[in-house]
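Working notes, structure below.
The values are calculated or read from the model by the stated rules, or taken from the named source; none is laboratory data. Fair warning: this is a prediction, and the values are worked out from it, not measured in the lab. Here the Cβ is made from the backbone with ideal geometry for all residues, glycine too, and neighbour counts use every protein chain on show. Remember, those area values only see protein heavy atoms, side chains included, never the ligands or the DNA or RNA. Shrake-Rupley method; radii C 1.70, N 1.55, O 1.52, S 1.80 Å.
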Amino acid sequence: MNEKKIILITGGAGFIGSHVVRLFVKKYPRYKIINADKLTYAGNLENLTDIEKEKNYIFEKLDIVDKDAVFNLFSKYAFDGIIHLAAESHVDRSITGPEAFVHTNIVGTVNLLNASLNAWKDSKEGKLFYHISTDEVFGSLGEKGYFTEKSPYDPKSPYSASKASSDHLVRAYGHTYGLPVIVSNCSNNYGPNQFPEKLIPLAINNIRNNKPVPVYGRGENVRDWLYVEDHAKAVDLIFHKGRPGETYNIGGNNEWKNIDLLKLLCRIMDKKLGRQTGTSEKLLTFVKDRPGHDLRYAIDSSKLRNELGWEPISDFSEGLEKTVDWYLSNTRWLERVISGEYQKYYQEQYSGR
Ligand code: NAD
Ligand code: TYD
């Protein structure tokens with residue numbers, strides 16, 4: 001890949017963003033990758049220590065809600081493309097505090113759209129605003145059926161409502177102002193570097209520490225799990241080969257009831273920790289359900305597979321085992337996240353720059 005491009009990746013210090021940044025920095029040495037992130041509790045620059053010194057990588061601390069700061073960044077760099085991942089992303093937090101979701105996910109997205117429109121007012125040729133979204137915008141499925149790109153939006157949590165709103169705005173800017181936009185809606189991701197408030201890393205950490213693992217309701221809710229690197233590869237493919245104006249669904253074709261997933265995880269943890277089979281499963285503890293808990297998400301990703309040739313390569317038990325291995329051999333990362341120490345990293349590494 002010889003072409004030069006300047007690409008803005010928002011939210012690159014987060015879970016999925018850090019995998020997307022790493023893939024782009026390594027795969028496209030002639031691109032300049034600007035990772036702009038506010039470093040909220042979910043942003044962790046320690047996710048990127050392996051690539052932070054690369055010549056084609058720059059970190060910019062940015063709150064996308066701050067319109068002036070967003071416009072300043074766009075006057076500093078002549079972006080050819082934006083891959084927008086920055087968001088408040090945790091459903092439980094959106095239930096206790098929806099406002100941050102409205103600010104970051106909706107207002108922040110509008111600021112980026114306006115800045116792109118302004119930056120590309122003379123020519124939109126070859127430019128792209130790529131918005132990363134979730135399958136949760138489609139609401140909840142019953143026992144059968146799949147979300148396709150044509151499924152109606154029916155978000156049920158403040159998180160999914162804010163993401164749905166941002167998706168609509170992105171498409172409206174495409175339709176109304178001719179901004180070249182693409183949206184992708186992905187199912188639940190798992191893998192290294194996920195903040196331990198989400199189901200899989202939370203369970204790994206609690207099992208490791210012999211603490212109860214909270215199972216919401218009866219554990220009957222179904223999610224379609226995708227290994228984070230498979231998502232990052234889909235993002236790369238869509239960014240380069242996707243058609244502006246289109247939407248792509250991304251999913252693992254890998255549905256699990258929470259309780260079955262946790263039992264599999266417990267078996268893997270028993271093996272890895274040298275515990276007797278069945279030991280970790282005793283930690284599973286049914287707790288009060290999440291309010292408005294969506295029953296089932298499942299994605300039909302045939303458009304992405306057929307049109308762009310994407311395939312998730314990771315087998316789930318293998319991916320889960322790799323994830324467990326990562327957390328067990330990165331306990332320092334985990335401890336620093338839990339203690340809050342990771343938030344000092346920016347100050348230590350970037351102060352005075
Ligand atoms: P995350 O919570 O791990 O990371 C979010 C990142 O955004 C953090 O680095 C945070 O500091 C940054 N951020 C938050 N508010 C910001 C602001 N105001 N300005 C600048 N940066 C800000 O999230 P994730 O799980 O990596 O998700 C990334 C994106 O992918 C989100 O848009 C999410 O909706 C979407 N998504 C996530 C999943 C999933 O399973 N995690 C699935 C589908 C889609
Ligand atoms: P989560 O990782 O928060 O992702 P999302 O809500 O975006 O799907 O939760 C995944 C599933 O696991 C969801 O059905 C809620 C459930 N869950 C638990 O049962 N216990 C937990 O401690 C957490 C965090 C989630």
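Can you tell me the accessible area per residue over the chain, all protein chains present, probe 1.4 angstrom, in square angstrom? Don't skip to the answer; put the middle values down first.
Numbers: 15430 Å² over 353 residues.
Value returned for the chain: 44 Å² of accessible area per residue.
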Subject >> Mean Cβ count within 10 Å, highest first, over the residues of peptides 201-207, 38-44 >> reply: 201-207, 38-44
**OP:** Compute the distribution of all C-alpha to C-alpha distances in region 79-172, in bins of 5 Å from 0, and list the percent of pairs in each, rounded to whole numbers.
**Re:** 2, 13, 22, 20, 16, 13, 8, 3, 1, 0
Original post:
Regarding region 109-160, what are the three Cα extents along the principal axes, ordered largest first, in Å?
Top reply: 49, 23, 14
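Can you check what the Kirkwood hydrodynamic radius comes to for region 1-101, Cα pairs only, in Å to one decimal? Numbers along the way, then the final one.
Details: mean 1/r = 0.0712 Å⁻¹.
Averaging 1/r across every pair of different Cα atoms and inverting gives 14.0 Å.
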Original post:
Which order, highest average first, do 186-196, 264-274 follow once you tally other Cβ atoms within 10 Å for each residue and take the mean per peptide?
Top reply: 186-196, 264-274
Original post:
In what sequence, highest mean first, do 276-285, 298-307, 158-167 appear when ranked by Cβ atoms within 10 angstrom?
Top reply: 158-167, 298-307, 276-285
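Return an integer: the convex hull volume of the alpha-carbon atoms of region 1-49, in Å³ per residue.
Taking only Cα atoms, region 1-49 has a hull volume of 57 Å³ per residue.
Between their Cα atoms, which of LYS211/LYS288; LYS67/LYS150; LYS5/LYS53; LYS32/LYS124; LYS5/LYS26 are more than 22 Å away from each other? Don't jump to the answer; show the numbers that get you there.
Numbers: LYS211/LYS288 17 Å; LYS67/LYS150 32 Å; LYS5/LYS53 19 Å; LYS32/LYS124 19 Å; LYS5/LYS26 14 Å.
Those over the limit are LYS67/LYS150.
Taking 0.36 nm per residue of sequence separation and subtracting the Cα-Cα distance, how much length would be gained by fully extending the chain between LYS150 and ASN210, in nm to one decimal?
Working: separation 60, 0.36 × 60 = 21.60 nm, distance 4.41 nm.
Answer, rounded to one decimal: 17.2 nm.
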Original post:
How many nm is it between the label spots at LYS282 and SER339, if each spot is 7 Å from the Cα in line with the beta carbon?
Top reply: 3.0 nm
**OP:** Give the carbon-plus-sulfur fraction of the accessible surface of the chain in %, rounded to a whole number; probe 1.4 Å, heavy atoms of protein chains only.
**Re:** 49 percent
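Per DSSP helix of 4 or more residues, -39500 (n - 2.57); summed, then divided by the residues of the chain. What does that give at 222 nm, rounded to the nearest 500?
For the chain, the value works out to -12000 deg cm²/dmol.
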Original post:
What is the projected area of the convex hull of the Cα atoms of the chain, averaged over all directions, in nm²?
Top reply: 17.1 nm²
